[in-house]
Amino acid sequence: MQEPDWAAARNALGLPADQDLELLRQAFCHGSYVRENGLPPLSSNQRLEFLGDAVLDLVLAEQLYQTYPSLSEGELTKLKAGLVRAEALHRVACEIGLGQWVLLGQGEADGGGNKKPSILSDCLEAIIAAVYLSGGWDAVCEFIGSAFAAIMEDLGAGRLNFDHKSLLQELMQANGSRPPVYRTVETRGQAHRPTFIVQVSFNGHVIGSGEGNSKQEAEQAAAGAALASRDEWLPELRGEEPQPVD
């Protein structure tokens with residue numbers, strides 16, 4: 001695939017003019033691109049993703065601490081957990097348009113990899129690390145503050161609610177699979193307040209289960225569990241052999 005204009009990517013993301021473009025390129029470099037082009041394994045974005053995860057955690061913790069001075073440690077922890085979950089990172093990555101610059105192997109690109117939640121959320125964390133390494137604390141705080149502005153606003157307004165079912169269906173469709181199948185396997189409790197147990201499957205294999213006080217709530221929980229464990233079943237859906245961890 002043709003390499004993007006990294007200076008244009010830097011400008012579109014609102015990064016400082018002195019952002020290290022080689023670090024930015026590496027942040028977009030998926031493992032499939034590295035393997036397909038015979039590049040050194042450590043040239044993928046995995047190490048940057050590791051660092052970006054920690055940097056994002058600290059930046060958001062500080063922002064929440066300053067924004068909500070009356071909240072307890074437990075309440076702040078719950079808010080931060082909502083912001084760093086995969087669905088939140090995927091949303092932010094889509095909002096700032098990361099998919100157009102991701103470097104993918106041909107097979108991954110043909111499978112719609114530039115829209116996959118796992119690839120985009122990992123890429124976002126890698127970019128955060130690239131910004132931090134190049135520009136330091138102030139630069140990364142400014143980038144995260146801008147990228148997460150909309151989702152932080154929703155958090156403050158109580159609107160932070162993820163549609164796990166839609167995300168799971170999107171993930172499966174991006175990989176050429178039919179929509180997932182939901183099945184209520186058990187109903188517990190009293191008639192006026194039942195608890196439904198739902199399993200979600202693809203190709204006859206259960207990939208997640210959840211419970212809730214309505215079937216819709218239980219289906220959302222099951223889809224969330226499937227998304228959380230996607231590294232276990234997604235390779236099978238793609239028809240891939242498990243890849244060694246670098």
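So what does the Cα-only Debye profile of region 10-60 read at q = 0.18 Å⁻¹, as log10 I(q)/I(0), no solvent term?
Relative scattering, expressed as log10 I(q)/I(0), comes to -0.68.
Can you pull the semi-axes for region 164-238, root of five times each eigenvalue of the Cα gyration tensor, sorted largest first, whole Å?
Working: eigenvalues 120, 21, 18 Å².
For region 164-238, the ellipsoid semi-axes come out as 25, 10, 9 Å.
Nearest 500 deg cm²/dmol is fine: what mean residue ellipticity at 222 nm does the chain get from its DSSP H runs of n ≥ 4 alone, each adding -39,500 (n - 2.57), divided by its residue count?
Values: 12 runs with 142 residues, N = 246.
Result for the chain, helices only: -18000 deg cm²/dmol.
List the trypsin sites (Lys or Arg not before Pro) within region 137-214 that DSSP assigns to loop and that have no more than 15 neighbouring Cβ atoms inside 10 Å. Before the final figure, lay out the partial values.
On the way: sites: Arg159, Lys165, Arg183, Arg188; in loops: Arg159.
Those that pass, being in a loop and sparsely packed, are Arg159.
Taking the Cα-to-Cβ direction at Gln2 and at Ser146 and moving 7 Å from each Cα, how far apart do the two end points lie in nm?
Label-label distance for Gln2 and Ser146, simple model: 2.6 nm.
Percent antiparallel among DSSP beta bridges with both residues in the chain, to the nearest 5?
Numbers: 16 of 17 bridges.
Once the DSSP bridges in the chain are tallied, antiparallel ones form about 95 percent.
Using the C-alpha gyration tensor of region 43-134, what are the square roots of 5 times its eigenvalues, in whole angstrom, with the largest one first?
The three semi-axes for region 43-134 are 28, 14, 10 Å.
How much space per residue, in cubic angstrom, does the convex hull of the C-alpha atoms of the chain take up? Intermediate results must be reported in sequence, preceding the final value.
Numbers: hull volume 32.7 nm³, N = 246.
Given the Cα convex hull of the chain, per-residue volume reads 133 Å³.
For the chain, find the longest principal axis of its Cα atoms and tell me its angle to the long axis of helix 215-228, 0 to 90°, nearest 10.
The angle comes out near 40 degrees.
Tell me, rounded to the nearest percent, the portion of alpha carbon pairs in region 107-217 spaced more than 25 Å apart.
On the way: 2898 of 6105 pairs.
Tail fraction, whole percent: 47.
So what is the relative contact order of the chain, in percent, for Cα pairs below 8 Å that sit 6 or more residues apart? All intermediate terms of the calculation are to be shown ahead of the outcome.
On the way: 346 pairs, mean separation 42.2, N = 246.
Relative contact order for the chain comes out at 17 percent.
Read-outs: derived from the displayed coordinates by stated rules, not from any lab. None of the values given here were measured: they were computed from a predicted structure. Here the Cβ is made from the backbone with ideal geometry for all residues, glycine too, and neighbour counts use every protein chain on show.
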